[in-house]
Structures are given as structure tokens and as C-alpha cells.
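The values are calculated or read from the model by the stated rules, or taken from the named source; none is laboratory data. In this text, all values refer to a predicted model and were calculated from it rather than measured experimentally. We place every Cβ from the backbone using ideal geometry, glycine too, and count neighbours over all the protein chains shown. To get the accessible areas, we keep the full protein, side chains included, count just its heavy atoms, and leave off ligands, DNA and RNA. Shrake-Rupley method; radii C 1.70, N 1.55, O 1.52, S 1.80 Å.
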Amino acid sequence: METRASERPPAVVLSFNGTGLATVRCLARGGIRVHAATFRTLPEGREIRFSRCCRVALLDFPPDDEDALRRWLQSFACSLGRRPVVLPTSDATALFLARQRPALEDACTTWETGYDELLRIVSKDQLYRAAEAAGVRIPPMLVEPAPDEVTAWCRNNPPPYLVKPFYGAVRGCALRSKNRTFHAAADLVRFARTTSLSKLIVQRRIDCGDGRVYDAYGLCDRRGEVLALASHRRIRQYAPGTGATSFGEIPILGDAGLESEIFGSTRRLLSRLRHHGIFGIEWLHEKRTGALYLTDFNARPFLSIGHLADAGLNLPLLAYRELIGEPLDAAALSPSLAHCYWTDFNRDLRSFHAGFRDHGQTWGDLVSSILACRSFAYFDARDPGPWLCRTLDLAKTLIR
């Protein structure tokens, strides 16, 4: 039997980016009482403050003060009167909850992946080793190489290249962005000789392009078994070719064989890892060879998780129910997904300006694709505040 909404514990979402809003809305759909924690000083993800779907707790201590965050979460969870479910929305918050779980387990409920195992998933150097052991293809790469290694490697690996940190906000890393592209070997070698490559991966950029980047979205239970699985295609990204989705579809259409290969590779990878919770695994489909490459593993909710809920699979609600011990029926775990397109309009407009016109797309193409969308990152008539906030930000950007 499903627990009545009034008897369910509240949820606390560590909402320090745009993914937090999507996660909050998914939980609110199920009648869950949701609290969202965000930092007063962080501009990213401030849209959550205008949402009607949650109560917002503004944190005044520095974002990198983990001890302060732990103390606040312990106190706040106890003040709610019932042991809340706490969900992360970034690599940093997922690692925080895993690291602090022994101190927090009396106050709240979180996923049970241990810190060392989660680091093995989140940190790309360890993830790629696990993928190789599972027989999953990964791009050619170097891990924390010396400059001379980079020079020799470039002779056999043509550009362009990507330089990536092990994971977002990893300490001791000279690169603060998600990744950096180099279009010439000389530029990469120069970077290697002038910048520490500690906690960095040098990788050949797979020739796939937007429209050939895919995700496997799903949920694993405490035993690490896959409970739900769905496919997603990144039709456009910002930045083009390497960024987050700006226009996408769920599920992917027109290639059942590719979807089956993605799901098979996903299950092989997960068989080598012990993960509890929501995941989004990124795959690249190379144009020339048709080969499928693993590129990333998000061991937590992702920006387009609201898109998945609009298609019929509400992962945050399923994850919440699994955490509180509710039985999950087959209809909830394997719904018939309704195909729909999704956009983050602000990001998609930037993507168009950043390169899609160079590929023969027109303003008409952009408008028609947006009109086809039935799912949106921020727009929701039932919760208009965040969308109005984003629209104001877009107006300021256009004026600049």
C-alpha cells in the first residue's frame, strides 16, 4: 500500500543549481512537502526562491563550509519533527551526503552509496577504469599526464581535445569549468607546459556532434539493481557539442537498436559499480564508426529530470518512495513514456548564437523546434515565479 501524503516525511532538496528546481517540482507533483536549501550568495539556481512548490531555506555561511552545512542540516532535519528524505542535485552535494552519512543518519534519510564507492563513480579517472573492466568503450585519454606525455600522445591522437576535471568542484584542480576544448595539438601542449594537470583528464573529443549525444536515465535500489531506465537524446547543447542539453527528446525515436545498445552498456557498467539512487549516464555515438563511448556518470538528479517526469517517469518521486520503504508497483517503474521535446530556452538561445547558425540552421528552425516542446526547464503555468525570474535574466542578457 502506498503511504498517504499526510503521513509521509518531508523532503529536503540541496538546491544549489537549476537541477534543484526540477527536483523540487517532481516531488511536489506527488504531494510531498518539500524544503529547498540554497545559498544566499550564490547566483546560480536562485530561481528556486520564487517557486510555489517548496519552502526555501537561505543559507548564509560560505558554500564550501561543509561542517557548517552538516550542522545546519542536522538541526533543520530535527526541527521538521519527522526524519526527512534529503536529495542532492550536484556532484558536490552527493559527495557531501555520502561523506557525512554516519553523522546524519539519525536525523535524515539519504542514499546508501558509501563515499569511496561514490567517488569511484563520480571521479572520471576511477569511472573510466571501471568502464574498461566492464568492457565499455571510453575515449582515448591521459590521466594527470606530464607535459612530455601529452606531446607524445598528440602524435597519435588528432585534435580536437577536451581537458576535464575529475569531477565538478574537485579541490586542487587548476580548471574551474566543466571542460575546456583545444582545437590544435600545439595549444594543448602549451597548456600542459604552463598549467598543472593535477586532477585533470586529457581526452580526444569524439566526433559526434549535437544530436548524437545520448543519456540513460534511471534509478537503482539499495542492492544496486536497476529499477527504472529511460533514454534521452541531446539534440542541442550549450556550449554546442560539449555542454548541457538545451533542446532534447525523451525517449529517443527512430533507432531501437541504438537504445538497446545504450541500455545494455548501461547495465554492464552498473554491474561493476554499487550505486543507490538516481543516475544519468552520458553516451557519445561516433559519426564515422557508429561506436558508443561512455563520457560521464551523474550519480544524482540532472537538469532535464523534469522532462523525464513530463514523459511519464518521475524519478525523484520514485527515489523518495524507495527511500521511505514504500512498495513500488510495476506501472510506476515501467510506464509507457509519451514522446516529448524539452527546452531550456535561455540556454538554447545562447547555443544558437554560439554556433548553430554555422550549421545552416535559421531563426525559423529555432522557433519551430521550441514550438514543438511540451516540456520546459523553467516555464510552468502552475509555478510561474522561476520562469519570470529567468525571463528577466534573459532580457538583461539581450540588452548587454
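So the values come out like this:
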{"read-out": "Exclusive hit being touching an Asp or Glu at 6+ places or on another chain (Cβ under 8 Å) and within 17 Å of Asp310 (Cβ to Cβ), set Ala372, Ala332, Ala377, Ala381", "value": "Ala377"}
{"read-out": "Residue among Asp329, Asp344, Asp393, Asp310 that is within 30 Å of Glu105 (Cβ to Cβ) and of a type outside the set (A, V, I, L, M, F, W, C)", "value": "Asp329"}
{"read-out": "Helices (runs of 4 or more DSSP H) wholly inside region 281-389 containing at least 1 residues that are farther than 25 Å from Thr93 by Cα, open to solvent by less than 10 Å² (accessible area, probe 1.4 Å) and modelled with pLDDT under 95", "value": "345-354, 363-371"}
{"read-out": "Ala57, sole failed condition from (1) crowded, with 23+ Cβ neighbours inside 10 Å; (2) not in a loop (DSSP other than H, G, I, E, B)", "value": "(1)"}
{"read-out": "Single match in Arg4, Arg46, Arg40, Arg52 (criterion: at pLDDT below 95, touching an Asp or Glu at 6+ places or on another chain (Cβ under 6 Å) and farther than 20 Å from Ala299 by Cα)", "value": "Arg40"}
